[in-house]
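*Asks:* First, the structure itself, so that you have it in front of you.
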There are 2 protein chains.
Amino acid sequence: MSTALTPVLDRIDQDLPQALVRLSELLRIPSISTDPAHKADVAQAADWLVNDLNTLGFDARKDATPGHPMVVAKGGAEAGPHLLFYGHYDVQPVDPLDLWHSDPFTPQIEDTPNGKVIRARGASDDKGQLMTFIEACRAWLAVHGTLPVKLTFCLEGEEESGSPSLVPYLKANAEALKADIALICDTGLFDAQTPGITTMLRGLMGDEVIIHGPARDLHSGAFGGAAMNPARVLARVLAGLHDDQGRVTLPGFYDDVPEISDDLRAQWEGLGFDAEAFLGSVGLNLPAGEAGRSALEMIWSRPTCEINGMISGYTGTGFKTVLPARASAKVSFRLVGQQDPHKIRAAFRDYVTAQIPADCRVEFIAHGASPASVMETGHPAFEAARQALSDEWPKPAAFVGAGGSIPIAGYFKTILGMDSMLIGFAKDDDQIHSPNEKYDLDSFHRGIRSWARIIDAVSKA
Amino acid sequence: MSTALTPVLDRIDQDLPQALVRLSELLRIPSISTDPAHKADVAQAADWLVNDLNTLGFDARKDATPGHPMVVAKGGAEAGPHLLFYGHYDVQPVDPLDLWHSDPFTPQIEDTPNGKVIRARGASDDKGQLMTFIEACRAWLAVHGTLPVKLTFCLEGEEESGSPSLVPYLKANAEALKADIALICDTGLFDAQTPGITTMLRGLMGDEVIIHGPARDLHSGAFGGAAMNPARVLARVLAGLHDDQGRVTLPGFYDDVPEISDDLRAQWEGLGFDAEAFLGSVGLNLPAGEAGRSALEMIWSRPTCEINGMISGYTGTGFKTVLPARASAKVSFRLVGQQDPHKIRAAFRDYVTAQIPADCRVEFIAHGASPASVMETGHPAFEAARQALSDEWPKPAAFVGAGGSIPIAGYFKTILGMDSMLIGFAKDDDQIHSPNEKYDLDSFHRGIRSWARIIDAVSKA
């Protein structure tokens, strides 16, 4: 272990009670960004962070946007690797309030069967996670008076209300924000003992298909048999999207889908992912995707096609012998690797259109298109951070995937031209966005220590 | 032409203005059976009929049921064929009232491009049709003082509100109502120049399928690929119900489906059915059923399977990347010949169940099961009536089918053990159940003359 790091970790251990007091102060501020009644609270949380970062010697300020302010700060070493740290200080609304066991903005330290937790809105998402990084910096600065890396902070106040100001802000301030690599603290542990660095986020292409048949709903007695039923056409279209091996049938769909590297495969196998428990938690048993793929591959590195909704005809209680005038479905594709959402949309529409019989017409509504984010893990910071995390936690860290999308990582790539390391210490049971949100003190404590180690490791990478 | 018939037809022609006055009286009574506020009006319409039939010399009375009364009457010849005549004197509600061009219960005689019509609620369904038969009896009685057939009337007051009392009433009064053959006046002309006797009515089996997958709706990013999507299972199930020739794939589905006779096929071909116009009226062009079948066969003599409704996941505006917990569809089968609805339901459920993967379960809800009605046209009354209709109308009559069901015909068969001749003079544009219902004076006038001829022909058959 680095001689510089040891006293920093000691300092973190000693300072933990004070770190919790500081986190509690921030948690007391009800910075609900989506609710105009809390506008002043959001500003107060920004002020709290500006003040704290200035106290630590950063050059921090609140930058106005058309919505809530961005907290930006600069500091650390003059030379060495330059890191951009991203987190958000706004929180979700708290309703239904009656399901909370204690006031959402009066943080409580509680004992639970899995250890101590701090319970409050924002404890995990994202104030607790954000403060792990600030506390790591505080310890480094307290011990050494400086940091071994150059640092820029970008702390958002609109993440829970759709980030309307984020992209314009990044574009307008690209030069000031550009760094070597970004750190994003909005993710979770793989499990209670195993940290992860999210290096693959799936993209998404959503499309709505509306198949029009007869001019109006028909009586299925008078017309059934003779008239085209668009629900039948839709069923056939949707059923044909997968073959009997669970693969998507669109021509060229897998052209830009890479296999994961042997190294990554070994890391994933080492995680000992419990597919049975994962599926069991939602009442299922069997991985339902492509034959021959593991459940982890299915959600992290393989593309999908899912029917998100469909409707046609009479869907109320009882029965109505109607022959429907139209049938529609919302279909989405999770994308990986270099799959181009626009090419996939075109292939999907071609596939559907080719199956529309003479007496139907099809209409499409586009619903978003974002490519996958795949980090260039060749940058030495990735391996350095993985080693640092492995040193802190009971089990070794792995580069992991995420089935969903975290748009900020894509924006940092496309607007600021840098990769992101997504590292966080949240747990699946943190109840973010729900009543009784909490953050494990173990996540908070080891999280701070993890960042201290990462800062050290990256500075030498 | 029979010497007895000629003066009857003359009498009908002379009496037409008075017949219209009588019909208008009946139409003025707002006998909306489904609306409790109109209970007295329904009773008044029954009284009007009892009075009119008694005036004609029938032994008529109002029979109480738990709902609206049944009007029953007996009379005519002591010997000869015994006919049971069925019609209904209740009407549909009139809303939306603001779409009517004149008061629904103030009958108007109007000129239209297709000739004169009488416009009022119930003009076509079924008071106008019912009165064609009573007026034919009136003319026979006026000219000859008697009828050449024995006659029983059974006039219902609940047809437009689901006939809750009908089956118990038929069962309780089976002996009193049994006749050689029933006449049901609730159907239409094949076209303005061509009458038909409906001899085939399709049956119906309706079933609802609910496929359950995950315990709750899932995030398609977190679970998509690994978790079973029940909408995908449903699409495959529904898509497999038809082969590429439009035939239903259930094993044994066509076992009890007869081919129509050469004679019937010739009659249908003689109708010159305009499939293009039929489908064109609802924005379609091509018969969509079994390959190699005519559109008339598709709706009259071939069984079908239709998706009447389906729903799964998010179906509102916009997009939600949900992986649905369940997917459901309402599916119905129109049945012909000797197809057994219970056997078909079992075959359907077996087919569905066999396709449910390990991680899904399926639930079914039964929605009705009635076999097809196929009349024994071997009874000489059928051919006699067909000839009588052909004598009255510009084009020859045919035995025709009906895609939908008319339950009363089935009840007469199963409860009273007799076949029915379904004969009516309504036109497709009569707007029954809709605002501005009308009945063509041509339907009314030729309808009366048709029944006079049928009574004559059947008495000699």
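The values are calculated or read from the model by the stated rules, or taken from the named source; none is laboratory data. In this text the structure is predicted, and so the values were computed from the model without any measurement. Because the Cβ atoms are built from the backbone with ideal geometry, glycine has one as well, and the counts that use them run over all protein chains shown.
*Asks:* Return the residues of the range B:196-236 that are more than 24 Å from the chain's Cα centre (by Cα), of a type in the set (A, V, I, L, M, F, W, C) and over 13 Å from B:CYS360 (Cα atoms); say none if nothing qualifies.
*Replies:* Correct list: B:LEU218, B:ALA222, B:PHE223, B:ALA226, B:ALA235.
*Asks:* Within the range B:85-115, how many residues turn out to be closer than 28 Å to B:LEU53 by Cα and at pLDDT below 95? Break it down into steps so the answer makes sense when it comes.
*Replies:* The first filter runs over the range B:85-115 and keeps only residues closer than 28 Å to B:LEU53 by Cα, leaving B:85-94, B:103-109.
The next check asks that each one be at pLDDT below 95; those that pass are B:92-94.
Total satisfying the criteria: 3.
*Asks:* Same structure again: Show me the helices (runs of 4 or more DSSP H) entirely contained within the range B:377-461 in which 2 or more residues are of a type in the set (Lys, Arg).
*Replies:* Answer list for the range B:377-461: B:441-460.
*Asks:* Of the numbered conditions (1) in a loop (DSSP other than H, G, I, E, B); (2) within 7 Å of chain B (Cβ to nearest Cβ); (3) not polar (S, T, N, Q), A:PRO258 fails exactly one; give the number of that condition.
*Replies:* (2)
*Asks:* I would also like to ask the following. Exactly one condition in (1) more than 7 Å from chain B (Cβ to nearest Cβ); (2) in contact with a helix residue (DSSP H, G or I) (Cβ under 8 Å, 6 or more places away or on another chain); (3) at pLDDT 95 or above is not met by A:GLY203; state its number.
*Replies:* It is condition (3) that A:GLY203 fails.
*Asks:* Within the range A:403-417, how many residues turn out to be in contact with a strand residue (DSSP E or B) (Cβ under 8 Å, 6 or more places away or on another chain), surrounded by fewer than 22 Cβ atoms within 10 Å (Cβ to Cβ) and modelled with pLDDT under 95?
*Replies:* Qualifying residue count for the region: 6.
*Asks:* Something else now. Would you be able to say whether some residue in the range A:255-265 is touching a residue at least 24 places away in the same chain (Cβ under 8 Å) and within 23 Å of A:THR194 (Cα to Cα)?
*Replies:* Yes, that holds for at least one residue.
*Asks:* Okay, moving on. Regarding A:ALA231, is this residue touching a residue at least 60 places away in the same chain (Cβ under 8 Å), out of contact with any Asp or Glu (no Cβ under 7 Å at 6 or more places or on another chain), crowded, with 23+ Cβ neighbours inside 10 Å and not in a strand (DSSP E or B)?
*Replies:* Considered against the rule, which asks whether it is touching a residue at least 60 places away in the same chain (Cβ under 8 Å), out of contact with any Asp or Glu (no Cβ under 7 Å at 6 or more places or on another chain), crowded, with 23+ Cβ neighbours inside 10 Å and not in a strand (DSSP E or B), A:ALA231 comes out as yes.
*Asks:* Any residue that is in contact with a strand residue (DSSP E or B) (Cβ under 9 Å, 6 or more places away or on another chain), at pLDDT below 95 and within 24 Å of B:ILE299 (Cβ to Cβ) - is there at least one of those in the range B:436-454?
*Replies:* Within the range B:436-454 (the criterion being in contact with a strand residue (DSSP E or B) (Cβ under 9 Å, 6 or more places away or on another chain), at pLDDT below 95 and within 24 Å of B:ILE299 (Cβ to Cβ)), the answer is no, since none of the residues qualifies.
*Asks:* Given the criterion modelled with pLDDT of 95 or more, over 17 Å from B:TYR254 (Cα atoms) and more than 19 Å from the chain's Cα centre (by Cα), identify the matching residue among B:VAL362, B:VAL322. I'd like the intermediate steps shown before the answer.
*Replies:* Working: B:VAL322 fails: modelled with pLDDT of 95 or more.
Going through B:VAL362, B:VAL322 in turn, just one is modelled with pLDDT of 95 or more, over 17 Å from B:TYR254 (Cα atoms) and more than 19 Å from the chain's Cα centre (by Cα): B:VAL362.
*Asks:* If I ask for residues that are facing chain B (nearest Cβ under 7 Å) and not in a loop (DSSP other than H, G, I, E, B), which ones from the range A:209-222 would you list?
*Replies:* A:LEU218, A:HIS219, A:SER220, A:GLY221, A:ALA222, listed by residue number.
*Asks:* Which condition from (1) at the interface with chain B (Cβ under 7 Å from one of its Cβ atoms); (2) within 26 Å of A:GLY378 (Cβ to Cβ) is the one that A:LEU279 breaks?
*Replies:* Here A:LEU279 clears every test but (2).
*Asks:* I'd like to verify a number: residues in the range A:284-313 that are in contact (Cβ under 8 Å) with a residue 60 or more places away in the chain and either more than 7 Å from chain B (Cβ to nearest Cβ) or not β-branched (Val, Ile, Thr) (or both), how many?
*Replies:* 9
*Asks:* Go through (1) within 14 Å of chain A (Cβ to nearest Cβ); (2) crowded, with 18+ Cβ neighbours inside 10 Å one by one and return the number of the condition B:VAL362 breaks.
*Replies:* (1)
*Asks:* Still on this structure: Can you confirm whether A:PHE133 is assigned to a strand (DSSP E or B), within 25 Å of A:ALA64 (Cβ to Cβ), touching a residue at least 12 places away in the same chain (Cβ under 8 Å) and among the aromatic types (Phe, Trp, Tyr)? So that I can check it myself, show each step before the final result.
*Replies:* On the way: assigned to a strand (DSSP E or B): no; within 25 Å of A:ALA64 (Cβ to Cβ): yes; touching a residue at least 12 places away in the same chain (Cβ under 8 Å): yes; among the aromatic types (Phe, Trp, Tyr): yes.
The answer is no for A:PHE133.
*Asks:* Let me ask something else. Considering (1) buried (at least 18 other Cβ atoms within 10 Å of the Cβ); (2) at pLDDT below 95; (3) among the hydroxyl-bearing types (Ser, Thr, Tyr), say which one A:SER370 fails and leave the rest.
*Replies:* Here A:SER370 clears every test but (1).
*Asks:* Return the total of residues in the range B:314-341 being more than 11 Å from every other protein chain (Cβ to nearest Cβ) and free of Cβ contacts under 8 Å to residues at least 60 places away in the same chain.
*Replies:* Number of matching residues: 0.
*Asks:* Only one of (1) over 20 Å from the mean Cα position of the chain (by Cα); (2) within 18 Å of A:ILE211 (Cα to Cα); (3) buried (at least 19 other Cβ atoms within 10 Å of the Cβ) fails for B:TYR314. Which number is that?
*Replies:* Single failed check for B:TYR314: (3).
*Asks:* Output the residues belonging to the range A:352-368 that are assigned to a loop (DSSP other than H, G, I, E, B) and either in contact (Cβ under 8 Å) with a residue 60 or more places away in the chain or among the aromatic types (Phe, Trp, Tyr) (or both).
*Replies:* Step one: of the range A:352-368, the residues assigned to a loop (DSSP other than H, G, I, E, B) are A:355-360.
Once the filter is applied, which keeps residues that are assigned to a loop (DSSP other than H, G, I, E, B) and either in contact (Cβ under 8 Å) with a residue 60 or more places away in the chain or among the aromatic types (Phe, Trp, Tyr) (or both), the range A:352-368 yields A:GLN355, A:ILE356, A:PRO357, A:ASP359, A:CYS360.
*Asks:* Further question on the same structure: With A:ARG138, A:ARG121 as the choices, which residue is more than 26 Å from A:ASP59 (Cβ to Cβ), touching a residue at least 12 places away in the same chain (Cβ under 8 Å) and in the same structural domain as A:ASP440 (by TED's automatic domain parsing)?
*Replies:* Matching residue, one of A:ARG138, A:ARG121: A:ARG121.
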